[in-house]
Amino acid sequence: MKKLCGAAAIILACFWTALDRLREKQKRIRLMRRLASSLLELQDELAEHQSSLSGCFRSLAAKNAGDAVGGFYAALCGEMLGLGELRFSEIWRMAAEKCFAPAGEAVPDALRPLGALLGGSELERQCAALERASRRLEQEAETQRNVLKNERRLCFGLSLSAGAFLVIMLM
Amino acid sequence: MDPFTAALELMPQRYESALRAQAGNAPEELRLRVGQPPSLLWGENEHFLSADRVTGEDIARVLEKATGASLYSAAEAMRQGYFCVGALRLGICGRVTAGGGGSGFASYSSLCIRLAREYRGICASFADRLCEGGFSNTLIVAPPGGGKTTALRDLIRSLADGGRRVGVIDERCEISGGVFDLGRCSDVISGLDKLSAALLLLRSMDPQIIASDEISSPGDLNAIREIFGCGVGILASAHAAGREDLMKRGAYRALIGEGVFTRLLVIRRRGGKRSYALEALA
């Protein structure tokens, strides 16, 4: 009976580990999607109202409060106080690296070109760059979602096989 | 915060102590030119600091800080030469992006920060004289940097504190600067071109006098013509050294010929001091 319980616990642990890993990946995909949609919101705000970047960041931080996207915009709001000593492009790069490093290189890579353009005098180029970055993040999210689908099957299969193997060994 | 301190906050940190040391000279302008040390204008001359030479990057940083990294929001004003941040007026020179119709500068070569100041009462004595027997439409004239906006601001305040409803067309927030007192009975409209602002004021605020700074373009002159004949007084300013100078320019000659303005307030500058003279236009 003890062996059976142990084997069941091992199967559950393997299953749980796989599930946890997949959940992390899913979270990363959701984050990319939210970031992509926030970039489009920023683009709309700039194109329609020519609002200041600080104002846009404040409202995006409030709207996305509690997750990394909100954290990113909140960090930008805070760091904007250092303008003059730091260029906006540096502030943008540092915030992107700090807030999205756990999400892998894809997010900072997609955001990097925006740092040099946002805040400049040519609004059309900024809006086009925001759209490009948003599209790139959406594509990356879609790619990762497809990978995740395959990984999900593989992870569950492997974790169950590993668990079953251990059960046999223990029995 | 006084305008000089506000300007210092925008400046590159390495110039701060050298600039601060000149505060006692009451500078009117701070200038950054690529390849030259920074300079300040007081009296009638520019005074250069013994400091590092300015780079294009310095000017870009100042502009980024002044606009909160939102240069696009000031792009339209920049294309017309300057934009205002509180009591500071930032004028820029450089290479405009191809076509000139774009919204920006490809690079910057000069930056002039003019510090708007409030000299209460400098024109108060003229306010009553202008209102004797009904308001006489008045044009304030002086060369660039001559103190037209400061005089206009003081006249508006004196008239508005005297109970006259003054509608102020403050296209780029230079008159009010967001910080200056324009009197109890003033109504300020900003962010609109002069003609739209004048029509809005006439429709909605029932002004007795409409005041506007720097009328120069054909659009501005049209706005003045629209106001003229509506039973509203006109107070405006224009670039000119004096009456003769003004009459050399066809557009102003026409306005004066049409009887739009009946008085000139001429500002002259000698030895760093300004004098004001009210002249009747025959």
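Numbers below:
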item	result
Compactness of the protein assembly as shown as Cα Rg over 2.2 N^0.38 Å, two decimals	1.37
For the protein assembly as shown, calculated [θ]222 nm from helices alone, where every DSSP H run of n ≥ 4 adds -39500 (n - 2.57)	-16500 deg cm²/dmol
For the range B:54-72 versus the range A:57-117, the gap between their alpha-carbon centres in whole angstrom	19
Stokes-Einstein translational diffusion, the range B:144-229 - Kirkwood Rh over all Cα pairs, 0.890 mPa s, 25 °C, in µm²/s	192
Theoretical FRET efficiency, 1/(1+(r/R0)^6), r = Cβ-Cβ of B:Ala251 and A:Thr143, R0 56 Å, to 0.05	0.35
Semi-axis lengths (Å, descending) of the ellipsoid that matches the C-alpha gyration tensor of the range A:1-69	46, 10, 5
Exposure rule at most 13 other beta-carbon atoms within 10 Å, DSSP loop GluC sites (Glu not before Pro): chain B longest free segment	B:133-257
Anchor B:Lys148: lysines whose Cα lies under 19 Å away (excluding residues fewer than 8 positions away in-chain)	B:Lys194, B:Lys273
Loop-located trypsin sites (Lys or Arg not before Pro) in the range B:29-72, at most 15 other Cβ atoms within 10 Å (DSSP)	B:Arg53
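Bear in mind that the values in this text are calculations on the coordinates, not laboratory data. Quick caveat, the model's predicted, so the values are computed rather than measured. Reconstructed Cβ throughout: ideal geometry from the backbone, glycine too, with neighbour counts over all protein chains shown.
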